[in-house]
1. Rounded, prolate or oblate: which fits the range 195-268, taking a ≥ b ≥ c as square roots of the Cα gyration tensor eigenvalues, rounded meaning a/c under 1.5, else prolate when a/b beats b/c?
2. If you roll a 1.4 angstrom probe over the protein chains with everything in place, what fraction of the accessible area of the chain belongs to carbon and sulfur, to the nearest %?
3. Looking at this model, which pairs from Lys93/Lys148; Lys156/Lys285; Lys148/Lys174; Lys431/Lys499; Lys494/Lys529 are more than 19 angstrom apart at the alpha-carbon?
4. Could you give the angle, 0 to 90 degrees to the nearest 10, between helix 74-89's Cα long axis and the longest principal axis of the Cα atoms of the chain?
5. Against the longest alpha carbon principal axis of the chain, how many degrees, from 0 to 90 and to the nearest 10, is the axis of helix 195-204 turned?
6. Compute the Cα gyration tensor for the range 423-492, then decide on rounded, prolate or oblate, letting a ≥ b ≥ c be the square roots of its eigenvalues: rounded whenever a/c is under 1.5, prolate when a/b is larger than b/c in the other cases, and oblate in all that remain.
7. Hand me the GluC sites (Glu not before Pro) from the range 134-224 located in a DSSP loop with no more than 12 other Cβ atoms within 10 Å, in residue order please.
8. When only DSSP loop residues count, what trypsin sites (Lys or Arg not before Pro) in the range 332-400 have their Cβ near at most 15 other Cβ atoms within 10 Å?
Amino acid sequence: MASLVGSPWMRIRALPDFSSPFIRHSSFYKLKPFPLRRNFSIIAASISSPGFRKKDEGEVRVRFAPSPTGNLHVGGARTALFNYLFARSKGGKFVLRIEDTDLERSTKESEEAVLRDLVWLGLEWDEGPGAGGEYGPYRQSERNDMYKEYAENLLKSGHAYRCFCSNEELEKMKDIAKLKNLPPVYTGKWASATDDEVQEELSKGTPYTYRFRVPKNGVLKINDLIRGEVSWGLNTLGDFVIMRSNGQPVYNFCVTVDDATMSISHVIRAEEHLPNTLRQALIYKALGFPMPKFAHVSLILAPDRSKLSKRHGATSVGQFREMGYLPEGMVNYLALLGWGDGTENEFFTLQQLVEKFTIDRVNKSGAIFDLTKLRWMNGQHLKALPSGDFVKLLAQRWKTTGILTESEGEFVNETAELLKDGIDLVPDADKALTNLLSYPLFATLASPEGKPVLEDKLLEVATSLLAAYDSGELGVALEEGHAGWKNWVKSFGKSTKRKGKSLFMPLRVLLTGKLHGPDISSSIILLHKAGSCGVVAPEAGFVTLDERIKMLREIDWEAFNKEDQPTLESPSATTA
């Protein structure tokens, strides 16, 4: 519910129905002669409405209205998502409108980038650029004639007037107000001008703006769907410009006209737009339009609780896409920035979000943008992909980055599945695979963490391993796959009188060159396959099993056992 109280011409309440608050249409405007126009009363809405179409009773229509002056910020993406989810959950329409009245900064490239990011996120619009619709055009730059017509209507009705003040005069007003510790509002110099005074300036060709006539007294109240009752004193505002001297509409004016003529029922937007609501509500009332319900979403904050900005790192959807994030993960995380379904569940698909979303569960407080949480969320969605889709993503990545020469085959499929748990972003797959293929044995043995393994008679295990290789037992076992490896390890453990960690840790170090990693059985079998299938690119730094055995033969074990051993460099780079 919204109301304007305490002013002679604002004795009106906007009563809510399902779609939006509305104004009674059975009466008319009564205007007193100038200069007393400021005290007129709204009794009706008789202004003609160019482009206005009445929507179906109860129909939900929301809009996302980005400015094509840069990339789609994650804050804007979340606003678009909440609008999309609200529309879909209510069986309504999601409208995309491009607010490109900033002619100097708006570019076609930025518009295309915003549209591309929205499509990537899966937020396809019902009406707007590329989709059409009955309420177009959907770019503000193509709606100027409509803005001018509504501005003229306000001029004729007395809700607006021409202001011929120069920039110097306006700056002087601000300076005087500052000295008096008053709000920097327009003093109303031309609000009570006579027709002769106006005609004199027009005949001289003096540039002018259109100013909206604001009541001096009263309070405007709205019932925000997220924040509850919000109110403003009208005496803090002053008459504001709706049309510039160059004929271009001001933001608050064209947005109100657009939302009204597009029959927008709910305006869901960032809280930084909350102050604009006062001006827009006054314009709605003056034009006799039904006022939508408002919902102002909290800001997205950085970890230091300041407003999220470029100085905190990546902030645009396009940047996260290039970094390897999935649209599913991005959407899921953005939805949780200020909303939850009331359970402990944090994993949602877009369709599940549509089913669960309600505006009353959106929080008023700011939400912290946590990159660690976003990365984890992306990993959950990556792992939830169908196996074929997951493998295809990684395989294409490996071929594109030059680690593999093929993107299909048994080795590729098994490697993707083995490395799955350690990958949260698709680019992580590069490091995971090159790590599997590498053999940093010397660095591991020379590290403090490697010392306990070295002291556990690693030389004896290495000697037995070389014997197994030379006899062909190890090679035969690996050819037989997991079953062959399992049987060989069992036999090797008996011969060396080792089991559990004392068996598998030295084997891991000797064969992979590392203390940790994915399942050792699958790792060694894949290393064996990589040496024979020929899909690993020469530039990948792969050390084959044969080369690893050769390096084990050449190790100076005594050097590692010395108290003050020198730092030893692995020859793996040259061997590979």
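1. On the way: a/c = 3.68, a/b = 1.74, b/c = 2.12.
Taking the square roots of the gyration eigenvalues as a ≥ b ≥ c, the range 195-268 is oblate.
2. Working: 13600 of 27270 Å².
Of all accessible area on the chain, carbon and sulfur atoms account for 50 percent.
3. Numbers: Lys93/Lys148 27 Å; Lys156/Lys285 15 Å; Lys148/Lys174 28 Å; Lys431/Lys499 31 Å; Lys494/Lys529 27 Å.
From the list (Lys93/Lys148; Lys156/Lys285; Lys148/Lys174; Lys431/Lys499; Lys494/Lys529), the Cα-Cα distance tops 19 Å for Lys93/Lys148; Lys148/Lys174; Lys431/Lys499; Lys494/Lys529.
4. 80 degrees
5. Around 60 degrees separate the two axes.
6. On the way: a/c = 2.54, a/b = 1.21, b/c = 2.10.
Since a/c reaches 1.5 but b/c is at least a/b, the shape of the range 423-492 is classed as oblate.
7. Working: sites: Glu134, Glu142, Glu149, Glu152, Glu168, Glu169, Glu171, Glu197, Glu200, Glu201; in loops: Glu134.
For GluC sites (Glu not before Pro) across the range 134-224 that sit outside H, G, I, E and B with at most 12 neighbouring Cβ atoms in 10 Å, the list reads Glu134.
8. Details: sites: Lys356, Arg361, Lys364, Lys373, Arg375, Lys383, Lys392, Arg397, Lys399; in loops: Lys364.
Filter output for the range 332-400: Lys364.
The values are calculated or read from the model by the stated rules, or taken from the named source; none is laboratory data. What you see is a predicted model, and the numbers here were worked out from it, not measured in a lab. Because the Cβ atoms are built from the backbone with ideal geometry, glycine has one as well, and the counts that use them run over all protein chains shown. Each accessible area value is taken on the protein alone, full model and side chains, heavy atoms only, with ligands, DNA and RNA left out. Shrake-Rupley method; radii C 1.70, N 1.55, O 1.52, S 1.80 Å.
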